[in-house]
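Here's the structure we're looking at; comments come further down.
The values are calculated or read from the model by the stated rules, or taken from the named source; none is laboratory data. These figures come from a predicted structure and were not determined experimentally. Neighbour counts are summed over all protein chains in view; Cβ atoms, including those assigned to glycine, are modelled from backbone coordinates with ideal geometry.
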Amino acid sequence: MSSQKIIFLTGATGTMGEEGLKQILSRSDRFRLRVLVRPSAKNKDFMTRYQDHPALEVVWGDLSSYEDMVESYEDARERLVGAMKEICEETYARGGGNILVVSSELAAQLLAEAFGGGEGVPMNNAESVRITFDGSAFRVQAR
């Protein structure tokens with residue numbers, strides 16, 4: 001799993017946004033950059049100068065489009081859950097114990113739904129969620 005932080009940037013095709021884009025890409029040893037760019041002909045042409053940068057991911061969409069934002073959110077959620085599952089599986093394979101995730105109630109509900117095994121788990125005012133993996137299934141408990 002990469003230790004680089006991912007920065008999400010909008011407005012990258014504007015004057016100030018492009019400067020931000022350049023500054024972040026110049027630090028690609030520490031950061032990856034995901035930019036949301038409206039899919040106009042002008043913006044597509046503009047982004048060609050950066051298209052081969054290995055630290056850059058271009059997401060074509062519109063910040064004012066509900067559908068585009070839901071798609072971006074679902075993609076981010078899928079990546080997060082995938083990374084969390086990978087951590088649990090690797091921890092189990094190495095003989096480790098439980099993973100403790102401190103979270104807000106909403107995040108706890110999302111994790112429980114994403115991992116399964118949390119259906120019917122009351123999350124009311126949970127301060128943490130305990131996720132265990134027994135080698136084949138995840139179990140989610142609110143604390």
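Would you be able to say whether some residue in the range 57-64 is of a type in the set (S, T, Y) and modelled with pLDDT under 80?
Of all residues in the range 57-64, those of a type in the set (S, T, Y) come to 64.
If we keep only those that are modelled with pLDDT under 80 as well, we get none.
No, there is no match, as no residue in the range 57-64 is of a type in the set (S, T, Y) and modelled with pLDDT under 80.
Restricting Y92, Y73 to residues that are modelled with pLDDT of 70 or more, within 30 Å of R38 (Cα to Cα) and not assigned by TED's automatic domain parsing to the domain that holds I7 narrows the list to Y73.
Among the residues here, A12 does not qualify as part of a helix (DSSP H, G or I) and without any contact (Cβ under 8 Å) to a residue 60 or more places away in the chain.
R34: under 21 Å from T13 (Cα atoms), basic (K, R) and either modelled with pLDDT of 90 or more or out of contact with any helix residue (DSSP H, G or I) (no Cβ under 8 Å at 6 or more places or on another chain) (or both), yes or no? Step through it out loud before you land on a result.
Working: under 21 Å from T13 (Cα atoms): yes; basic (K, R): yes; either modelled with pLDDT of 90 or more or out of contact with any helix residue (DSSP H, G or I) (no Cβ under 8 Å at 6 or more places or on another chain) (or both): yes.
When the stated conditions are applied, R34 passes them.
Working only within the range 57-94, note down all residues that are of a type in the set (D, E), within 30 Å of S136 (Cα to Cα) and either touching a residue at least 24 places away in the same chain (Cβ under 8 Å) or touching a strand residue (DSSP E or B) at 6+ places or on another chain (Cβ under 9 Å) (or both). E71, D75, E86, E89 - these are the residues of the range 57-94 that are of a type in the set (D, E), within 30 Å of S136 (Cα to Cα) and either touching a residue at least 24 places away in the same chain (Cβ under 8 Å) or touching a strand residue (DSSP E or B) at 6+ places or on another chain (Cβ under 9 Å) (or both).
Taken over the range 19-41, the criterion of being surrounded by fewer than 16 Cβ atoms within 10 Å (Cβ to Cβ) and either among the aliphatic types (A, V, I, L, M) or over 19 Å from S65 (Cα atoms) (or both) is satisfied by E19, K22, Q23, S26, R27, S28, D29, R30, F31, A41.
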